[in-house]
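Worksheet for the structure shown next.
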Amino acid sequence: MSSSPWSQHSRNPSVADDIDFEIKGQELQFVEIELDPGESAVAEAGAMVWKDASVGMTTVFGDGSANQPSGFMGKLLGAGKRLITGESLFTTVFTHNGGGKARVAFAAPVPGAIVPLKLSDVGGTLICQKDAFLAAAKGVTIGIEFQRKIMTGLFGGEGFIMQKLEGDGWVFVQFGGAIVERTLAPGEQLHVDTGCLAAYTPSVTFDLETAGGVKNIVFGGEGFFFARLTGPGKVWIQSLPFARLAGRVIAAIPPSMGANRGEGSALGPLGDLIQGNN
C-alpha cells in the first residue's frame, strides 16, 4: 500500500483521518484504501467496488465532515451544494469498526486516471471540474466555487460552478485520459482547451483567451476561447474530457441504431414490430 507521509492519527474531528492507499489499474482505475480501527473514508454514492466485512457503511447528507453546518437545514444546504456540482445529494462514509487493518475500494466511472492529492500539500484547497470528486479521507469538505467573471462562466468549459475541496487530508479525484501536472511560476501563463482543464489551486488566475483570427475560430476546431491560466500555482490537465469522449461515441452511432435506441414509434412496441425494428 502507498503510505501517506503524514503519520498523525488524530481523532480531532476538524482534522481529516490519515489513510493509506494504492491506485490500481491502467485506463480503468480504482483506489484501494486501507483503514486502521476507527478510521473513515467518504466516497461518492455508488463508487464502492468491494470492502472488508468489518468496514461499516453510513449514508449521510453532504460530505460528512465536521465543517458541515449542523441541523437539518444546514445538512440540506451542504447536500444542495453537492447537487449543484453534479454529485449526488448523499455521500457514503465507510468506517473500520473492527481490529487490525481493513480495506475498501472505489472505482472511477469513466476511463482515465484517479489522482491522489494531499490537500495540505497544495495549500488546503483544490478547485476542480464538476463531478471530479471520487473519495477522500473523512474530514475533507466538498463545496462549490463560483466563476465570478461572466465570460469565464459562460465559455470556460465548466460553467459558473466548479467543485472546491478543502481540508488537510487525502482526496481522490477522477479525470479523463492521461493527466499532466504543471507548476506555474508567478506571472507564467498557460493556454489550455477549456474542456481539458481538470483542476487548479486557488492562487492560479483562471481567465479566457480568444482563439485568434476568424480561420482559427471557424476551422481550427478548438472553439472560440482557450482557458488562460496565470501563475503562481499548480494546474492539472486532462487529455480526454468525458464530454469529448461521449460526443465521439454519439457521432459514431449509425442513424438506424440511434432510431432503435430512441423513443421508437408513437405506437410503442407494436409500431416497432410493424416497422420491422424488432
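Brief remarks on what is shown
- All positions within region 21-55 that are of a type in the set (S, T, N, Q) and modelled with pLDDT of 95 or more: S54
- Restricting the first member to region 190-206 and to residues that are under 15 Å from L117 (Cα atoms) and modelled with pLDDT of 90 or more, and the second to residues that are assigned to a helix (DSSP H, G or I) and open to solvent by less than 40 Å² (accessible area, probe 1.4 Å), the beta-carbon pairs closer than 7 Å and six or more apart or on different chains are T201/V122.
- Pair list, Cβ < 6 Å and 6+ apart or interchain, from region 232-248 residues that are modelled with pLDDT under 90 to residues that are open to solvent by 30 Å² or more (accessible area, probe 1.4 Å): F242/V110
The values are calculated or read from the model by the stated rules, or taken from the named source; none is laboratory data. Because the structure is a prediction, the values reported are computed rather than measured. So basically every Cβ, Gly included, is an ideal-geometry build from the backbone, and we count neighbours across all protein chains shown. Only protein heavy atoms, including side chains, enter the accessible area calculation; ligands, DNA and RNA are left aside. Shrake-Rupley method; radii C 1.70, N 1.55, O 1.52, S 1.80 Å.
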